[in-house]
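Report on one structure; see the data block that follows.
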Amino acid sequence: GLDSIGMAPAEPNVEVSEAFGADRNEMKVELGLGAYRTEDLQPYVLNVVKKAEKLMLERGENKEYLPIEGLGAFNKATAELLFGADNAVIQQQRVATVQGISGTGSLRLAAALIHSHFPTSQILISSPTWGNHKNILNDAGVAWSEYRYYDPLTVALDFQGMISDIKAAPEGCFVLLHGCAHNPTGIDPTPAQWQIIADVIEEKKHIPLFDVVYQGYASGSVEADASSVRLFAARGMELLVAQSYSKNMGLYAERIGAINVVCSSPDSAQRVKSQLKRLARGMYSNPPVHGARIVTNIVGNSDLFSEWEEELRMMAGRIKSVRKKLYECLSAKDKSGKDWSFFVKHIGMYSYAGLNEAQRERMRKKWHVYMTKDGRMALTGVSQAKCEYLADAFIDSYHN
Ligand code: PLP
């Protein structure tokens, strides 16, 4: 009976936030976050989101079901934001876009599509990657293997390792790539490295699956953060792109995102879209409307769009300024000559600091600084005011 069901493993992030919550020390720092925080370390609702919601109330829109593929105007807006409205893939109607349950649900649809149409294919994922990628792929029955990505010695990209692992895989794999602001490391390939990655993927007839969660939130520019995806699209390659508005619009709980599949012809795109809809139907019938309307109102209105870009620059700018301050404190205080510059070289809200388990334990026990077991740190949990203290904690924990 049901009594035979055992306990599922605990979600690692939950342990961190519970331990942080229970800590009564006032100097404590939470680096296990999955969301943006203001300089006062409070959650943030974008002004532009409040404006879009006000518009929606005024219009008195109803709550009838959306079509299976989601809100049509949202699907158009989200694909155009990703690729650029004048992109050939859009102009030629080669993109199948279906609204998804945020980034996770859109990836889940992509995985279901891979499982049903390429049952013997495997997908290559970076080592390390966002923890949930493995859950999503396992649950969908998609086999995965890892390519090298992070070099602990340099706290930077193991580019040679990445390229040789993608080359060594059998032809026709899927390759999961983070569009920008790699989670958990904060390490992205350079534009020149992206070209080489695209060369190898093309040569091997692999199909990329991009995970794009931080468009605009990494660099502050929606164009710059989409450049990896656009580079692949410009080569005429087939590709899949999952999008999320959790971080870049702060719509975490609205669960709004999309899966875009770039095909070789409009006809192929229509067939792919029909299959995505069939898969969505059996999983959740049709997606929620509220977040889709918010995004559509913002992306589709030039005034709100410019205001959103300003808020993106503000959020990305705060993270960059914390990175800079932390690095300056570390360089001024650490007399050992250790190079802490990776903090300013990494991009987005996460960084790997290359701490081992004992060092992380010391950060937690002695300094009340909480990070996930894998050593990922969310810089959104840091304010300018905390940088001095955090630098002391790093230096003490690193060298002892
Ligand atoms: N992919 C990556 C790399 C992420 O970092 C996240 C969120 O942290 C997601 C996907 C999915 O987030 P959501 O399902 O909230 O859009």
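Assessment of region 260-275 against the conditions (part of a loop (DSSP other than H, G, I, E, B), within 23 Å of the chain's Cα centre (by Cα), surrounded by 21 or more Cβ atoms within 10 Å (Cβ to Cβ) and within 16 Å of the ligand (Cβ to nearest atom)) yields no matching residue.
Tyr147 meets each of the listed conditions (1) part of a strand (DSSP E or B); (2) farther than 25 Å from Ala112 by Cβ apart from (2). Among residues that are without any contact (Cβ under 8 Å) to a residue 40 or more places away in the chain, assigned to a loop (DSSP other than H, G, I, E, B) and small (Gly, Ala, Ser), Gly282 is not included.
Per-residue answers, yes or no, for (1) among the hydrophobic types (A, V, I, L, M, F, W, C); (2) touching a helix residue (DSSP H, G or I) at 6+ places or on another chain (Cβ under 8 Å); (3) within 22 Å of Asn132 (Cβ to Cβ):
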| position | (1), (2), (3) |
| --- | --- |
| Glu223 | no, no, no |
| Ser228 | no, yes, yes |
| Leu231 | yes, yes, no |
| Glu238 | no, no, no |
| Ala242 | yes, yes, yes |
| Tyr245 | no, yes, yes |
| Leu251 | yes, yes, yes |
| Pro266 | no, no, no |
| Leu279 | yes, yes, yes |
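Checking each residue in region 1-48 for being within 16 Å of the ligand (Cβ to nearest atom), farther than 17 Å from Tyr389 by Cα and among the hydrophobic types (A, V, I, L, M, F, W, C) picks out Val14, Val16, Leu33, Ala35, Val45, Leu46.
Only one entry of Pro152, Pro189 meets the criterion of being at pLDDT below 95 and farther than 16 Å from Ala234 by Cα, and that entry is Pro152. Scan region 82-125 for residues that are of a type in the set (Val, Ile, Thr) and in a loop (DSSP other than H, G, I, E, B) and the total you get is 1.
Total residues in region 186-206 satisfying the condition of being closer than 23 Å to Phe343 by Cβ and outside any helix (DSSP H, G or I): the figure is 5. Of the residues contained in region 235-247, none is found to be closer than 19 Å to Val295 by Cβ, within 16 Å of the ligand (Cβ to nearest atom), free of Cβ contacts under 8 Å to residues at least 60 places away in the same chain and not hydroxyl-bearing (Ser, Thr, Tyr). Would you mind finding the one in Glu328, Glu307, Glu254 that is among the acidic types (Asp, Glu) and under 18 Å from the mean Cα position of the chain (by Cα)? None of the other options fit; the residue is Glu254.
The values are calculated or read from the model by the stated rules, or taken from the named source; none is laboratory data. Computed from a prediction, not measured in an experiment: that's the story for all the values here. Quick reminder, even Gly has a Cβ in these numbers, built from the backbone with ideal geometry, and neighbours come from all protein chains shown.
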